[in-house]
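As structure tokens, the structure follows; a few thoughts come after it.
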Amino acid sequence: MSLLEVENLHTHFVKRDLRNQVRVARALNGVSFRVDRGEIVGLVGESGAGKSLTASSIMGLLGKSARIVQGSIRFQDQELVGMTAEQLDAVRGSEITMIVQSPITSLDPLSRVGDQLIRVQREHHAVAREEARRRAIEMLMTVKIPDPERRMRAWPHELSGGMAQRILIAMALINAPKLLIADEPTTGLDVTVQAQVLDLLNDLVRSRDMAAIIITHDLGIVANYCTRVAVMFSGAIVETGPTREVFARPRHPYTQALLDSVPERAKRRGGGQLSGAPPNLYALPTGCLYNYRCSKATETCRGVPPLIDVGPDHRALCHHASA
């Protein structure tokens, strides 16, 4: 049994236009993937593909205009879709945690680091303040924060970007979650600090027998740190499988185009910038959502594509995946 199983997830935004007519943006369109214990899964795709919305749907952190209209999110064999806010509060922050983009702005500017680390523990567990403080210092040591007692007294604006990101990782892991979702966890960090943060995250996931989802545009991060990858286009997973297998033998045209747009690969194989733009979510094309950008599209692609097994644990949502 997988730790997390997302099956046929549809999340829509429902809004009213200036004429007071209801408009529906189909932002997630049948997202399906799994995360097993002890692994890191990369979620990749263009901006607007639905990566962050998938994370928000899992966490139950959707805005007022967004709603899950179909599908299942099972965590440790427990269905999350349909849970009340109180029931979700017992899961998120303790069993499932999330690191969001922009570490500095994600911390409370009016609270010292130590107070935030203590508060996140006491919100989910009956723990005395002194015990929570001791655990906070231990966690800062775990994420390799120098002089942790001094950092406990620091304000967020006194931290560097790399330091703030380590603090966020400490906050996400301090309640010993089973699943960590990291949404662009190294945005804005220089290459050296980025590698340090990702190495740390990788070591912690492996040593704590948990799992993680890394949402990123950087395919190099996925290649170096993720066991498996799920490729998103227009709110759907179009290909998923072991990272090495998918990167070596991509079977969906979008995955191929995405990989060919990486500069190093483009030089070797003659690829280039990914052409076209994501579809209008208010008026999605029929059949294969990628057919209007696909050089391999045929009349068959006007129909809904099947999910085809193309290798061990490797699937692609394409009429021509087995060709």
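Listing for the model above:
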{"read-out": "Total residues in the stretch 159-187, condition of a type outside the set (S, T, N, Q) and within 25 Å of residue 57 (Cβ to Cβ)", "value": "16"}
{"read-out": "Any hit, the stretch 254-277, residues being at pLDDT below 90, under 24 Å from residue 24 (Cβ atoms), among the aliphatic types (A, V, I, L, M) and out of contact with any Phe, Trp or Tyr (no Cβ under 8 Å at 6 or more places or on another chain)", "value": "yes"}
{"read-out": "In the stretch 184-217, the residues that are among the acidic types (Asp, Glu), part of a helix (DSSP H, G or I) and within 18 Å of the chain's Cα centre (by Cα)", "value": "199"}
{"read-out": "Matching entry among 32, 2 (being at pLDDT 95 or above and of a type in the set (Ser, Thr, Tyr))", "value": "32"}
{"read-out": "The stretch 297-317, residues that are part of a loop (DSSP other than H, G, I, E, B), loosely packed, with under 14 Cβ neighbours inside 10 Å and free of Cβ contacts under 8 Å to residues at least 60 places away in the same chain", "value": "298, 303, 304, 306"}
{"read-out": "Cβ-Cβ under 9 Å pairs, at least 6 apart or on other chains, the stretch 6-25 side more than 15 Å from residue 53 (Cβ to Cβ), far side assigned to a strand (DSSP E or B) and of a type in the set (Phe, Trp, Tyr)", "value": "7/33; 23/13"}
{"read-out": "Test: residue in the stretch 162-170 that is of a type outside the set (Lys, Arg), surrounded by 20 or more Cβ atoms within 10 Å (Cβ to Cβ), over 22 Å from the mean Cα position of the chain (by Cα) and assigned to a helix (DSSP H, G or I)", "value": "no"}
{"read-out": "Those residues of the stretch 27-53 which are touching a Phe, Trp or Tyr at 6+ places or on another chain (Cβ under 8 Å), farther than 19 Å from residue 205 by Cα and not small (Gly, Ala, Ser), in sequence order", "value": "46"}
{"read-out": "Residue 176, sole failed condition from (1) touching a residue at least 12 places away in the same chain (Cβ under 8 Å); (2) hydrophobic (A, V, I, L, M, F, W, C); (3) farther than 22 Å from residue 208 by Cβ; (4) part of a loop (DSSP other than H, G, I, E, B)", "value": "(3)"}
{"read-out": "Residues that are assigned to a loop (DSSP other than H, G, I, E, B) and either of a type in the set (Gly, Ala, Ser) or without any contact (Cβ under 8 Å) to a residue 24 or more places away in the chain (or both), drawn from the stretch 62-80", "value": "63, 64, 65, 80"}
{"read-out": "Some residue of the stretch 96-111 being surrounded by fewer than 18 Cβ atoms within 10 Å (Cβ to Cβ), more than 30 Å from residue 70 (Cα to Cα), of a type in the set (Asp, Glu) and over 21 Å from the mean Cα position of the chain (by Cα)", "value": "yes"}
{"read-out": "Residue, modelled with the lowest pLDDT, within the stretch 63-80, restricted to residues that are in contact with a helix residue (DSSP H, G or I) (Cβ under 9 Å, 6 or more places away or on another chain) and farther than 20 Å from residue 233 by Cα", "value": "63"}
{"read-out": "Helices (runs of 4 or more DSSP H) lying entirely in the stretch 218-264 (those with 2 or more residues that are among the β-branched types (Val, Ile, Thr))", "value": "219-225, 243-248"}
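The values are calculated or read from the model by the stated rules, or taken from the named source; none is laboratory data. Note that the structure is a prediction, hence the values are computed from the model and not measured. Please note: Cβ atoms are built from the backbone with ideal geometry, for glycine as well, and neighbour counts cover all protein chains shown.
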